[in-house]
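Undergrad: First the structure, which I've put down as structure tokens, then a few questions once you've had a look.
The values are calculated or read from the model by the stated rules, or taken from the named source; none is laboratory data. Every value quoted in this text rests on a predicted model; they were computed, and no experiment measured them. Glycine gets a Cβ as well: all are built from the backbone with ideal geometry, and neighbour counts include every protein chain shown.
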Amino acid sequence: QVQVVESGGGLVQAGGSLRLSCVVSGSIFSINDMGWYGQAPGKQRELVAYITPGGTTNYANSVKGRFTISRDNAKNTVYLQMDSLKPEDTAVYYCYANVRTLFTSKFANYWGQGTQVTVSS
């Protein structure tokens, strides 16, 4: 019913930049928050950033000042601009969207498959 597809991961040197994109499609009535989680090897998945439909943002302390989340509501797309990358940013990044479909009155989180970001020192 709902598909969440990330793109933009890859290998980058420390200090470099990447831009992740995430497109949400399907039987969508409306989308509430959208955001990104990161899961480093051997660690739990943790919130990196999220953004509300009105553009209010929230960031993990570890990425404040380096990452910027944005969204295009008309395209059901969320972005994560990652600057000044560090080796400790290496993780699989998962996009999520809090979606109400055409078939329910409730919102639920839908997840992408993840995109690998590797930062070399």
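The rows are residues; the columns are (1) surrounded by 16 or more Cβ atoms within 10 Å (Cβ to Cβ); (2) over 16 Å from Gly10 (Cβ atoms); (3) in contact with a His (Cβ under 7 Å, 6 or more places away or on another chain).
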position: Lys75; (1), (2), (3): no, yes, no
position: Tyr79; (1), (2), (3): yes, no, no
position: Leu85; (1), (2), (3): yes, no, no
position: Tyr93; (1), (2), (3): yes, no, no
position: Asn109; (1), (2), (3): no, yes, no
position: Gln113; (1), (2), (3): no, no, no
position: Val119; (1), (2), (3): yes, no, no
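For (1) free of Cβ contacts under 8 Å to residues at least 24 places away in the same chain; (2) over 15 Å from Gln116 (Cβ atoms), each residue gets a yes or a no:
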{"position": "Val2", "(1), (2)": "no, yes"}
{"position": "Leu20", "(1), (2)": "no, no"}
{"position": "Val24", "(1), (2)": "no, yes"}
{"position": "Ile28", "(1), (2)": "no, yes"}
{"position": "Ile31", "(1), (2)": "no, yes"}
{"position": "Trp36", "(1), (2)": "no, no"}
{"position": "Leu47", "(1), (2)": "yes, yes"}
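Undergrad: Additional query: Of everything in the stretch 62-101, what is of a type outside the set (A, V, I, L, M, F, W, C), without any contact (Cβ under 8 Å) to a residue 60 or more places away in the chain and under 19 Å from Asp33 (Cβ atoms)? Give them in sequence order.
TA: Passing the criteria: Lys64, Thr68, Ser70, Arg71, Asp72, Asn73, Lys75, Asn76, Thr77.
Undergrad: Can you find a residue in the stretch 88-107 that is over 15 Å from Glu6 (Cβ atoms), modelled with pLDDT under 95 and either of a type outside the set (A, V, I, L, M, F, W, C) or in contact with a Leu (Cβ under 7 Å, 6 or more places away or on another chain) (or both)?
TA: Yes: one or more hits.
Undergrad: Please state which one of Leu47, Leu20 is under 12 Å from the mean Cα position of the chain (by Cα), surrounded by fewer than 17 Cβ atoms within 10 Å (Cβ to Cβ) and of a type in the set (A, V, I, L, M).
TA: Leu47
Undergrad: I need a count of the residues in the stretch 27-58 that are among the acidic types (Asp, Glu) and under 16 Å from Arg100 (Cα atoms).
TA: So the answer is 1.
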